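The values are calculated or read from the model by the stated rules, or taken from the named source; none is laboratory data. The structure presented is a predicted model; accordingly, all values stated were derived computationally and were not measured. Note: areas computed on protein heavy atoms with side chains; ligands, DNA, RNA excluded. Shrake-Rupley method; radii C 1.70, N 1.55, O 1.52, S 1.80 Å.
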Amino acid sequence: MIEPTLNYVLCPGSAAAPVAPGAELAPAQQHRMAYWEWNATGNPEHPHVIVCVHGLSRQGRDFDTLAAELSRHARVVCPDVVGRGRSDWLADPAGYQIPQYAADMLMLIAQLHRQAPIATLDWVGTSMGGLIGMGVAGQPGLPLPVPVRRLVLNDVGPVIQWQALQRIGQYLGQVARFESLEQAAQAMWTISTSFGPHTPAQWLELSRAMVRPLPDGGVTLHYDPDIAVPFRSLTQDGAAAGEAALWQLYDNIAARTLLLRGAQSDLLSQETAQAMAERGPRARVVEFAGVGHAPTLVAADQVAAVTDFLQAAEGATAG
């Protein structure tokens with residue numbers, strides 16, 4: 001299998017002091033967002049770009065299986081959202097919200113377009129990554145080189161169930177020390193069983209980029225614990241108030257849209273999925289049995305659902 005290349009884009013917003021010893025400090029008033037680029041097309045300037053954006057506490061290497069497949073036909077770019085993975089942490093935790101993330105993605109897409117003109121732009125977003133995608137695809141007039149053509153929303157929509165937010169809040173920001181990758185993977189599995197069945201090897205690979213080494217030889221989770229600060233300030237009333245704005249974004253989306261849903265998802269209800277199929281871009285809905293929030297896009301049927309949708313001829317993705 002091909003390996004991705006690690007790259008960076010500079011984005012507005014001050015970075016915190018680097019955590020890793022000897023790491024380079026970002027320029028004043030800026031932070032670096034890391035991204036992993038996959039390209040097996042044979043053309044480093046391929047005009048089709050697919051941006052894949054991960055969930056709240058995850059990172060860009062979550063998409064390795066899907067990206068390796070998609071990269072046969074496009075440049076596939078998988079960012080580590082700021083505060084996660086190889087990206088800088090923010091000096092002000094209040095920045096860990098969708099507007100900052102969407103602004104960073106615009107900087108990324110602009111950099112990619114300068115490197116090689118983008119003719120076709122697609123988006124795959126899991127959970128938080130889907131919300132960012134709604135922000136990018138649902139706001140006419142943003143400085144995109146081309147509009148988002150096709151949008152995959154993975155187990156997320158304008159209505160997010162409060163019980164799921166409470167569940168996530170119980171573990172978000174708890175970045176303990178572990179003796180080994182294997183111990184960390186086991187701990188992460190205890191809070192991730194809703195992702196659905198995985199072999200031990202699959203889960204270990206999904207966990208590998210989820211940790212960073214500590215000077216004492218142990219490991220800890222890869223993200224800034226302060227990503228939990230804005231999340232914990234969210235109230236049930238505040239979440240409900242945000243639904244109208246999210247529906248407006250969704251209704252503005254012109255891209256053909258595929259909505260993936262874990263059949264046991266506690267975050268995306270059947271009712272919301274049905275509404276998304278009937279309004280706005282009228283998403284095509286695909287459900288996966290035995291999976292909750294969120295499908296990891298590792299299983300063959302999940303990968304096929306995304307690749308078939310993105311590679312289908314124009315006019316062949318509806319229904």
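Quick look at the values:
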{"item": "Accessible surface, region 94-188, averaged per residue in Å² (probe 1.4 Å)", "result": "38"}
{"item": "Largest-first ordering by accessible area, 1.4 Å probe, given options R32, R256, R84", "result": "R256, R32, R84"}
{"item": "The chain, accessible surface, carbon-and-sulfur percent (1.4 angstrom probe)", "result": "55"}
{"item": "Quotient of Cα Rg and 2.2 N^0.38 Å for the chain, N being how many residues it contains", "result": "0.94"}
{"item": "Per residue convex hull volume, Cα atoms of region 1-140, in Å³", "result": "112"}
{"item": "Highest-fluctuation residue, I132, I50, I160 considered, GNM on the chain with Cα pairs under 10 Å", "result": "I160"}
{"item": "Area accessible to solvent at D301, 1.4 Å probe radius, in Å²", "result": "90"}
{"item": "Area of H46 that stays accessible when all protein chains are in place (1.4 Å probe, Å², to 10)", "result": "40"}
{"item": "Viscosity 1.306 mPa s, temperature 10 °C, Stokes-Einstein D of region 231-319 from Kirkwood C-alpha radius, µm²/s", "result": "109"}
{"item": "Other-chain or far-sequence residues with amide H under 5 Å of L90's (modelled H)", "result": "A16, G83"}
{"item": "Axial C-alpha extent at least 18 Å, average Kyte-Doolittle at least 0.0 - helices from the chain (DSSP)", "result": "98-115"}
